[in-house]
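Some notes on the structure that comes next.
The values are calculated or read from the model by the stated rules, or taken from the named source; none is laboratory data. On a predicted model such as this, the values are computed, not experimentally measured, just so you know. Methodologically, a virtual Cβ is constructed for each residue, glycine included, from the backbone with ideal geometry; neighbour enumeration extends over all protein chains shown.
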Amino acid sequence: MSQAQSSSPTLFVVDDDEQMRESLRALLSVLGYEVLPFSTPGGFHRYYHSEMPGCLLLDIRMPRQSGLELYEQLLREGKRLPVIFITAHADVATAVAAMKSGAVEFLEKPFDRDTLLNRVQSALELDAQWRGQDAAFASLAARIEVLNERDRETLQMIQAGESNKAMAAKLFISERAVEMRRSSLMKKLQVSSVAELIDLTSTHRILAELQHLKASQSLR
Amino acid sequence: MVPTNPQPTLEERPSPSADALIRRLGRRYLLVLAVVAGLMLVDQAIIQPLLVRMDSYAPVINLAGRQRMLSQKLAKAALAAEGAPDAERRDASRQELKGALAEWIAANDALRQGSEQLNVPRIVSADLAREWAELDHDLQPIAAAAQEIIDGDAVGAQSAATILAHESAFLERMERIVDLFELEAAQEVSRLRVYSLTIAIAVASLLIILGWLVVRPATRAIRRQVDDLELRVAQRTAELAEMVASLQHEVAERKLAESHGRQLAAQLAHADRVASMGHLAIGLAHELNQPLGAIANYASAGDVILSQAGPARDDRRLQQYLQQINEAALRAGQIVRRIRKFVSRTDADASDAVDVDLGALVREVLELCQFEIRRAAVVDVLKLDSRPALVEVDPIQIQQVLVNLIQNALQSLQSCPADSRRLVIELEVDDDWAEVSVTDNGPGFDVADLDAPFAAFHTTKVEGLGVGLSICRTIVDAHGGQIRIHPAATGAQLSFKLPLAKSPQLLPLNEPSPVFQSDAVCR
């Protein structure tokens, strides 16, 4: 998967503790990352838009709004961003809650540089992956969007594994007409073979399900 | 030891018998007075008339003396009438004789019978009666002869001779009668003396009796009373001395007990703080991890910079990170000190009362408990009064109270569903007091007895000593404040209030918590 967005990924650091926040910023910037620190979840929330790639280093224990709450809020709003929860003491309850909400990583303070680097790296990779999927789905959706009623009918039949002959019989048209519908459909979806067509449609279904899952997660 | 009156009878015994004695003595005194008064009446009734009679003896004796003189006059007039040279002189003498005779007879009668007119009493005695009878032998002839001369029947000098013949005898008798009168008077005087003496003796003996029967017992009674009184005073003094000694002993014991009590309370408070510390330990570990994590990060960052060789190396930044490491290490040290301070002190007498802002104290405690609150899945709300709440307290002790209240609330909230656990901490300030209340929506207290939870070792929990609220009350009381449970339909509300400090200077807490804001809603 390639980077979908042109802008470089940013590490958003949200921690109310100034020393912790600034020390993270110092370490991550000398490691060559773009770092943007926030002292409150609200500050980050106001700033962040879903197009911004990167990952979130989030302190769990914060006044007013905890890291978990912020993460849930982001999910509810469909802003999916990999999160590295930073905690002083990862007790089971918080860990389970964080895992359920889809957080990828946990970091227990104090942590060493390599661990941090590993976590950050995998989080950024996940973000890139997510963004790639999103982009693919978006283009698929755009292509499927342009199909007319006749094309969709044809597609459904192809997916069902019907032969040209059977389709012609069901639609009360000639086999030649079926051939023409097929080539028109494949042209619109920019595929060159039936195998490619099937792969595209099933990918779309999986991505749609993922989107649906994401939506239902946020409703939880 | 409680001093008791060892002889309660001593105090009460004299009153009835003394009353009786006084009544008895009073009766005796009145009796003797009555007798004396009676004697005085007797004196008036007997002696006085006798004295009056004594006065009348003198005229009697006078009259009797005059009788002698009259009898001589009688004789002289009779002789003159006998020897008169002419009739004229004879008549004159006869007239003289006639007057003298009448006077003489009247005086004689008066002496014998007594006379109001001549103011002479009748004086009688056996001797006098005999003398009077003897006197008649001379008196009658003299009177008859004198009458003969007056009448002119006299024969020659016969009558005058008769008068002369009887006169000397008469005078003699009269002399004796006068003596008898005098004797009678003297006897009267001696009788009077006897009477007076008798009465005087009676009065004197009555006085002696009075002394014997009244004064002596009264004196004795008074002396006994005085002795009793002195004895009682001595006893009382001894009792009082004993009481003072026992009181001093008691005071000393009480002081000792108090100091023991204080020590125990301090030890208990310390044990409570250590127990609280157990709960707080996780939160404090987190707190400590902040600077430790920061130190690790800065150190790693420094390491990365050092690994960059040559002119690209940013030494200024490196220096900056080292400085940050230093600050974080200092902060970690402060946290450790705070923990040590919260747990260590056991001496209740060393009260470190300073002027602090109760709001800052509340925020600090809330921070101390933050992790626990989070772990208990409790929504906590902090409402601070906009006015400053400056109180003069021992910050550690007041923090302990707050920690206790918050932990109680958190424990009680465990029985609630996780999504409805709510904890409100509120600080209100008025003119004289600052009041902190901790409210939860847990099962609450038994409204019937809102005082019971403050008793030591009262607990409804499975774990714990049940000393938390008791210690809270001890601490709040020691600060001149009040702690109480508010009756509530649901949940529990505990509050304590402290008097606002009078002096205006504010010593800042050693760890301000800038993260928390007034009226902030925290989670």
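Would you point out the residue of segment A:94-117, among those that are closer than 16 Å to A:LEU58 by Cα and at pLDDT 85 or above, that is nearest to the other protein chains (Cβ to nearest Cβ)? Once the filter is applied, the top-ranked residue is A:LEU116. Could you check how many residues of segment B:306-340 are surrounded by 19 or more Cβ atoms within 10 Å (Cβ to Cβ) and within 8 Å of chain A (Cβ to nearest Cβ)? Residues in segment B:306-340 being surrounded by 19 or more Cβ atoms within 10 Å (Cβ to Cβ) and within 8 Å of chain A (Cβ to nearest Cβ): 4 in total. Only strands (runs of 3 or more DSSP E) whose full extent lies in segment B:395-509 are considered here, and the ones with at least 2 residues that are of a type in the set (Asp, Glu) and at pLDDT 85 or above are B:422-429, B:433-440. Of the candidates B:LEU206, B:LEU192, B:LEU135, the single residue that is touching a residue at least 24 places away in the same chain (Cβ under 8 Å) and closer than 30 Å to B:ALA75 by Cα is B:LEU135.
Look at B:ARG338 and say whether it is basic (Lys, Arg) and at pLDDT 85 or above. Criteria not met by B:ARG338.
Taking each residue of segment A:21-37 that is outside the structural domain of A:GLU125 (by TED's automatic domain parsing) and assigned to a loop (DSSP other than H, G, I, E, B) and looking for partners that are crowded, with 16+ Cβ neighbours inside 10 Å and of a type outside the set (Val, Ile, Thr) with beta-carbon atoms closer than 9 Å, six or more apart or interchain, yields nothing.
Can you say whether A:SER8 is at pLDDT below 90, within 24 Å of A:ARG113 (Cα to Cα) and more than 10 Å from every other protein chain (Cβ to nearest Cβ), as far as the supplied structure shows? Against the criterion (at pLDDT below 90, within 24 Å of A:ARG113 (Cα to Cα) and more than 10 Å from every other protein chain (Cβ to nearest Cβ)), A:SER8 qualifies. The number of residues in segment A:19-60 that are in contact with a helix residue (DSSP H, G or I) (Cβ under 6 Å, 6 or more places away or on another chain), of a type outside the set (A, V, I, L, M) and within 14 Å of chain B (Cβ to nearest Cβ) comes to 6. Consider A:ALA128 carefully, then state whether it is touching a residue at least 24 places away in the same chain (Cβ under 8 Å), over 21 Å from A:HIS204 (Cβ atoms) and among the aliphatic types (A, V, I, L, M). Against the criterion (touching a residue at least 24 places away in the same chain (Cβ under 8 Å), over 21 Å from A:HIS204 (Cβ atoms) and among the aliphatic types (A, V, I, L, M)), A:ALA128 does not qualify. For segment B:81-92, the count of residues that are free of Cβ contacts under 8 Å to residues at least 60 places away in the same chain, part of a helix (DSSP H, G or I) and among the small types (Gly, Ala, Ser) is nonzero.
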